[in-house]
Amino acid sequence: MTTVEIRPRFQRQHPATAKQVIHYLSEALKNSDGSIQGSVMDHHIVLRIPVEQQHYWSPQLSLTIEDNMEGGALIRGLYGPRPSVWLMFVFLYSSLGAISLFIGITGFSQLSLGMSAPALWALPVAAAIALVLYLFAKAGERLGKDEMHRLRNFMDAALVETEAKASILEVSDA
């Protein structure tokens, strides 16, 4: 997590079964001091910062836990903004793209007919707006970076406990 990227992802192998990992993460959420909240839905866990500590750019960590064919569990993580923030950016980029497409079609059609096409001046403006949106998103990621580390540290601490318990179970089974 040294570079800032849009919706960073990771995968991690774990020696315990998926059911055990889910159980231990849900126990860690229940026993948490309130610095991290979350929800557990089947094989999907969402970790987030408590509402009273959140700001507009606060991230959440979505975890999908599956049994691995070689044994143990495969944990897939995805950092991202809250769904409402993500939806807003998708809507703005989509709207900007659709408007640019129609302006481009109209303007280039006018040019091909030998007419003046002042509407094409809106394309650089749309590109500038897209750049500003991108820069806002990057600034938001930087503002949420410390919270991303809090989420990752919570998950890592819970998984270290499960790794220790899984290795104890492996020794006792042998």
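The values are calculated or read from the model by the stated rules, or taken from the named source; none is laboratory data. The structure presented is a predicted model; accordingly, all values stated were derived computationally and were not measured. Cβ placement follows ideal geometry from the backbone for every residue including glycine, while neighbour counts extend to all protein chains displayed. Note: accessible area is taken over every heavy atom of the protein model, side chains too, but ligands, DNA and RNA are not part of it. Shrake-Rupley method; radii C 1.70, N 1.55, O 1.52, S 1.80 Å.
At a glance:
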| read-out | value |
| --- | --- |
| Qualifying residue in region 93-105 (condition: surrounded by 12 or more Cβ atoms within 10 Å (Cβ to Cβ) and in contact with an Asp or Glu (Cβ under 9 Å, 6 or more places away or on another chain)) | no |
| Matching residues in region 128-151 - criterion: being surrounded by fewer than 12 Cβ atoms within 10 Å (Cβ to Cβ) and either at pLDDT 95 or above or touching a strand residue (DSSP E or B) at 6+ places or on another chain (Cβ under 6 Å) (or both) | Ala128, Leu131, Val132 |
| Tally of residues being in contact with a Phe, Trp or Tyr (Cβ under 9 Å, 6 or more places away or on another chain) and farther than 14 Å from Arg7 by Cα across region 63-89 | 1 |
| Single residue of region 24-51 satisfying the filter (modelled with pLDDT of 90 or more and out of contact with any strand residue (DSSP E or B) (no Cβ under 7 Å at 6 or more places or on another chain)) that is surrounded by the most Cβ atoms within 10 Å (Cβ to Cβ) | Ile49 |
| Residue list for region 70-91, restricted to those being without any contact (Cβ under 8 Å) to a residue 12 or more places away in the chain and either of a type in the set (S, T, N, Q) or in a strand (DSSP E or B) (or both) | Ser84 |
| Condition check for Gln54: within 13 Å of Leu159 (Cα to Cα) and either surrounded by 14 or more Cβ atoms within 10 Å (Cβ to Cβ) or of a type in the set (Val, Ile, Thr) (or both) | no |
| Complete set of residues in region 3-44 that are part of a strand (DSSP E or B) and farther than 15 Å from Met155 by Cα | Met41 |
| One residue from Ala157, Ala122 being in a helix (DSSP H, G or I) and within 20 Å of Gln13 (Cα to Cα) | Ala157 |
| Count of residues meeting criterion [more than 20 Å from Val85 (Cβ to Cβ) and either charged (D, E, K, R) or in a strand (DSSP E or B) (or both)] in region 46-69 | 4 |
| Scope region 57-81; condition out of contact with any helix residue (DSSP H, G or I) (no Cβ under 7 Å at 6 or more places or on another chain), modelled with pLDDT of 85 or more and open to solvent by 60 Å² or more (accessible area, probe 1.4 Å); matching residues | Arg76 |
